[in-house]
Structure formats: C-alpha cells, structure tokens
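The block underneath contains the structure these notes are about, expressed in structure tokens.
Where a number appears in this text, it was derived from the coordinates with a stated rule and is not lab data. Everything numeric here is computed off the predicted structure, so don't read it as measured data. Cβ sites come from the backbone with ideal geometry, for glycine too, and all protein chains shown count toward neighbours.
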Amino acid sequence: MMSSPSSFPDEAAAARGLPVVRLKPKAEARAIRHGFPWVYADELVMDRRTGNIPPGALAVLEDGERRALGLVTVNVKSKIVARMLDRDPAAVVDEAWFAARLTRALELRERLHDAPFYRLVHAEADGLPGVVIDRFGDVAVVQPNAAWAEVLLEPLVAALRAVTGVSTVVKNGTGRSRGLEGLAEETVVLCGAVEGPVPVPMNGAVYMADVTGGQKTGLFYDQRPNHAFAARLAKGARVLDVFSHVGGFALAALAGGASSAVAVDASAPALALAEAGAKASGVADRFVTRQGDAFAVLEALAADGERFDLVICDPPAFAPAKPALEAGLRAYERIARLAAPLVAPGGYLVLCSCSHAADLSAFRNASARGIGRGGRRGQLLHTGFAGADHPMLPQLAESGYLKSLFFRLD
C-alpha cells in the first residue's frame, strides 16, 4: 500500500543520494496531488542544481512550500521535465518495485484475455510512465519511451521475465516519443531469440507480428474490440481495409464471414505479413492486397466505379501534437470525403483516429463534414475506443487517444 506523502525533508532525500526538485510557487500542485503525472518545464524551479540532474535520474518532488509530493524521474531536456513514479517519496525503484507494478498489470490482462497476447503495460495508466510493453506469447516487446526507463531497463526486464515467464525480450527504441526525450533510436533483442514473425490469434484470425522490424511493437492490439465490431457487420460483405498494416480489420472481417477483402497499405512488407496472416487464417482465397498511397488508391477505386459493403480507414496519427491539429483534421476530413462514395447504399464506413491531439468531438465533426462533402448521409452507429488492455489514466487525456466511428450510409 502506497503511503500518502506528507513531509520528506531535503536531508532525508540527500541521505539516499537523491536530489530535490521544486514546483514554482504559482504551479498547480493540486493537480499533481490528484493524480496528474507530469510536470512541465515551465512549472519547475530550474536552478543550476536541477539543470545538472542527468536525464532519467530520480528525485523527490516538492511543492512551492517544500512539502513532498512524491518520487519523480527528471529529464531537463524534455518538455515533460518530471514524471511521477511513486506517491511515496521514500520508494525504492528496484526490481521488486517493477515486479509489483508488472504483477498488478498482469492480473488485469489475465482476467481480460484467455491467451497471452495483449498490451501488458500502457505507460502512465499502469504506473510506468513512458513505458509500453506488448506481449506476444513467449515474447515481450518493451518500448522505453522515457529516459528513466532507458536508465533502469535492466531491473525492468529482469522483473518482466520473473513475473511473466517470457523468455524473449525485444527493446523497440523507435518512435517520436524517444526523440522528444533526447533518446537514440535502436531495436535490439535483449534476451532469447526471434525467428521470424510471431503468429498472434485474435478475433478468429491469425496475424503475423514482426516484433523486430515492424511498426511500433509489430501489431496494434488497441483496435481489437473495433476489429470485432466490424466483423459483426462483415458477414457476406465486400470489404475494403485502407491503411491495413498487417491486415487488421480485413482479416477479422474475413473471419467474421466477409465474402472478400482488399487490404491497402503503402508498406510492401506489411502487406506481405497480411498475406501470410490470411494464409494462416485459411482465408487467402478471399483476400487481396493493393500497395500504394491511400489517398491515391481511394481516388482510383472511385474512378473505376468500385463499391464495397464495408469500408474501413485506419490511418496513422495525422495530428500527433497540437501544432498539427488543423492540418490533421483536414486530412481526416479528406479521408472521409474520398471513402464515403465507395460505400454501397446501406453499407458501412469505419473511420479511425489515433491522434490524441484531435479529441472525439473534433474528429467526429471532421468525419461528418467529409462524409457530407462526399455526397453521402448516414447514421453514427457506434463509437469504439482502445481495448481494456489499454486503460486510461483519467487525469491524463493523452492516454485516451483512439477513436473509431462506425457509420451506416444511405
């Protein structure tokens, strides 16, 4: 049980070899006390001592009146200058500490899933800020997207192996978040061995995850419930899956009884994995791929007079941060405008966004505008979010990034 911090004098922190960092007097300490996990650079007193703290080091955070708020990790090179690790400022972050966090995360996933294929750790929401861990049976892929996790990767991996029993751990050190933390990009097998793509059973299909060279960790578990909902609409349907990656919606739809599916993606390796997944799922005879730019393919299909009963567009984040919001919303609107005419009357259009900067209302409005500009009208049937193995931290809006809108068009 974590204790509620009351006081932890500078001397005690110094005795443990930890620096003390302090909020500015006008910074909102109440948000931190109520569970917000980040401190931004303009909220912290940046004296010379704080500026010299190495990236990823631990420190005790105090409010402006020198009352301890908890144990944080500090990276003065990042806009998020401190991340809350433990409300107990006396906590010791070692293998046992990681094991406790991982055990709690594992208990939830084992309750949710019958097989060990899921997101095991979803960063701040699982008490490990900036850390993502996806599990693929006996293989775990760790994304240490914050400097502290890079520094403490060894005890984290030791605890991961002890708690889950996985024999292979891959470090996927790629992505925008690491750049913001000043971390280099690299992917390396830390222990065990990876011999080709890992087959992943999900929603009645088999997906092939490239855990060392694919996008992110190799597979997007977050869309699992939305794949399942789409599969309910797919029986007997002609399906078009745009930005398909390794076959996401298409393979689930075929498992749900779709008559055919076309998977579109710019990546030839991703489509090769999708084809391998279709073969492993026993649906290769109903599955075809088309490589190319999604916007260009949508325009070409419309020019050819093609129509589908179910069209899904699941693009990458067009608005990964607030500065890109307006351009991102225009891109989402354009996708909807190009996709809507391809839906047969009475058919279904699924539009997805993984941009946390574009909230649900903004994304829904952009999608509706695009459908209207595409000459169609329809009902919004369902709004889907990430699966429960991607929990939200209620105080952190960024942890609820995924939105999937299911429309039925006239």
Under a straight-distance cross-link criterion of Cα-Cα below 26 Å, which lysines are reachable from K322, leaving out those fewer than 8 residues away in the same chain?
K24, K26, K77, K79, K216, K403
Hey, can you rank 386-396, 304-314 by average C-beta count inside 10 Å, highest first?
304-314, 386-396
What net charge do the residues around P345 carry, taking every other residue with its C-beta under 12 Å from that of P345, with Lys and Arg at +1 and Asp and Glu at -1?
+2
Find how much the distance from Q291 to K235 grows on full extension, using 0.36 nm per residue of separation minus their present alpha carbon separation; answer in nm with one decimal.
17.6 nm
The whole-number value in µm²/s of the Stokes-Einstein translational diffusion coefficient for the range 71-114, with Rh from the Kirkwood sum over alpha carbon pairs at 4 °C and 1.567 mPa s, is 105
Summing +1 for each Lys or Arg and -1 for each Asp or Glu, what net charge is found among the other residues whose Cβ lies under 15 Å from the Cβ of M46?
+3
Note the full-extension length gain between R104 and M46 as 0.36 nm times their separation in residues minus their Cα-Cα distance, in nm to one decimal.
17.4 nm
Considering amide H positions built from the backbone, and no H for Pro or chain starts, which residues 5 or more places from A344, or on another chain, come under 5 Å of its amide H?
F308, D309
Antiparallel versus total DSSP beta bridges in the range 178-329: what percent is that, nearest 5?
25
Row for the range 186-252, column shape: gyration tensor on C-alpha, a ≥ b ≥ c, rounded if a/c < 1.5 i.e. under 1.5, prolate if a/b over b/c, else oblate; value prolate
Quick note, the chain: a/c under 1.5 would make it rounded; otherwise a/b > b/c is prolate and the rest oblate (a ≥ b ≥ c, C-alpha gyration tensor); here it is prolate
Students often check this: by mean Cβ neighbours within 10 Å, which of 179-190, 27-38 ranks highest, and how do the rest follow?
27-38, 179-190
One checks the Cα atoms of the range 146-298 and finds Rg and Dmax, in Å, of 17.4, 52
Residues other than F385 with Cβ under 10 Å of its Cβ, Lys/Arg counted +1 and Asp/Glu -1, net out at 0
Rounded to whole Hz and in sequence order, give me ³J(HN,Hα) for the range 17-31 from the Karplus expression 6.51 cos²θ - 1.76 cosθ + 1.60, θ = phi - 60°, writing x for Gly and Pro.
x, 9, x, 10, 10, 9, 5, 5, x, 8, 5, 8, 5, 4, 4
Sticking with the crude label model, points 7 Å out along Cα→Cβ, report the distance from L380 to D138 in nm, one decimal please.
4.6
In a GNM of the chain with a 10 Å cut-off on Cα contacts, which of R176, R83, R369 has the highest mean-square fluctuation?
R176
Whole-Hz Karplus couplings 3J(HN,Hα) for the range 382-390, θ = phi - 60° and coefficients 6.51, -1.76, 1.60, Gly and Pro as x, run 7, 10, x, 10, 5, x, 5, 7, 10
For the range 357-365, what does the Karplus curve 6.51 cos²θ - 1.76 cosθ + 1.60, with θ = phi - 60°, yield as ³J(HN,Hα) per residue in whole Hz, taken in order and with x for Gly and Pro?
6, 9, 6, 4, 4, 5, 5, 4, 5
Quick check on the range 270-410: take the gyration tensor over C-alpha atoms, sort the square-rooted eigenvalues as a ≥ b ≥ c, and tell me if it's rounded (a/c under 1.5), prolate or oblate.
oblate
At 222 nm, what helix-only mean residue ellipticity would the chain give, in deg cm²/dmol to the nearest 500, using -39500 (n - 2.57) for each DSSP H run of four or more?
-9000 deg cm²/dmol
Contact order normalised by residue count of the chain, Cα under 8 Å, 6+ apart, percent
11
Amide H neighbours of G173 under 5 Å, at least 5 residues apart or on other chains, H built in the peptide plane: list them.
E186, T187, V188
Using 0.36 nm per residue of separation minus the Cα-Cα distance, give me the extension gain between E95 and E154 in nm, one decimal.
20.4 nm
